[in-house]
1. Around Ala94, which amide H atoms from residues at least 5 apart in sequence, or from another chain, sit under 5 Å from its own amide H, with H modelled in the peptide plane?
2. Under 5 Å between amide H atoms, partner at least 5 residues away or on a different chain: which partners does Val144 have, H built in plane at 1.01 Å?
3. Peptides 15-24, 126-135: what's the order by average Cβ count within 10 Å, highest mean first?
4. Report, to one decimal in Å, the Kirkwood hydrodynamic radius for the range 80-168 based on all distinct Cα pairs.
5. Label-point separation (nm) for Phe128 and Tyr152, each offset 7 Å from Cα along Cα-to-Cβ?
6. Quantify, in whole percent, the carbon and sulfur part of the accessible surface of the range 47-168 (1.4 Å probe; protein heavy atoms only).
7. Convert 20 °C to kelvin, take the viscosity as 1.002 mPa s, use the Kirkwood radius over C-alpha pairs of the range 18-168 as Rh, and evaluate the Stokes-Einstein diffusion coefficient in µm²/s, rounded to a whole number.
Amino acid sequence: SKNKVFSHRPHDSVSIPGIICHINKCYCFAGSGLTLQIPQNLYQLTLRLQQMDQQTRQRIEQATKRNGGKQPSFIIYHPSLTYYAHRYGLRQLALEENGREPSARTIRNLIDEARAHGANIFFVQKEFSDRNALSVSQETGVRVVEINPLSYEWMKEMNRITNEICKP
């Protein structure tokens with residue numbers, strides 16, 4: 001069914017093999033020669049993603065222990081890491097409001113929430129304004145780090161994001 005395509009989460013490493021399997025089925029249906037390569041490559045990719053998932057869980061668990069059992073929190077302008085945060089028990093504090101620039105009240109509430117949850121990093125993406133990130137970082141003392149969750153080197157970028165979140 002067409003809804004199955006949307007049941008997978010593209011920013012969730014554990015869902016990626018399911019997405020690829022679905023693509024492979026589409027190629028099979030279309031009679032493409034690519035269907036022979038996809039299962040071979042999918043197995044290798046799945047192993048790499050499982051390893052990345054396990055390492056991410058371990059690093060976040062260590063960061064949580066260092067934090068006295070408190071889940072790591074981060075601020076982000078656009079909530080593009082929602083599935084990642086959910087999968088690994090992180091608190092994502094998004095500044096953007098329904099695709100719009102945040103109001104002064106929203107910024108104030110985010111600053112209060114960031115302090116309450118011990119956020120120490122603000123992720124910004126090139127596509128979005130970092131003007132508000134600078135004022136929030138000055139107010140809270142968090143580090144501002146540019147990320148690209150749609151990077152061609154996606155696994156490397158997700159590992160870098162995890163490293164930044166887990167920094168003491």
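1. Distant-sequence amide H within range of Ala94: Ile76.
2. Hits under the 5 Å cutoff: Phe122.
3. Highest-to-lowest ranking by the protection proxy: 15-24, 126-135.
4. One over the average 1/r among Cα pairs gives 13.7 Å for the range 80-168.
5. According to this spin-label approximation, the distance is 2.5 nm.
6. Roughly 46 percent of what the probe reaches on the range 47-168 is carbon or sulfur.
7. 125
The values are calculated or read from the model by the stated rules, or taken from the named source; none is laboratory data. Being a predicted model, the structure only gives us computed values, none of them experimental. With ideal geometry, Cβ positions are generated from the backbone for all residues, glycine too; neighbour counts draw on all protein chains shown. Remember, those area values only see protein heavy atoms, side chains included, never the ligands or the DNA or RNA. Shrake-Rupley method; radii C 1.70, N 1.55, O 1.52, S 1.80 Å.
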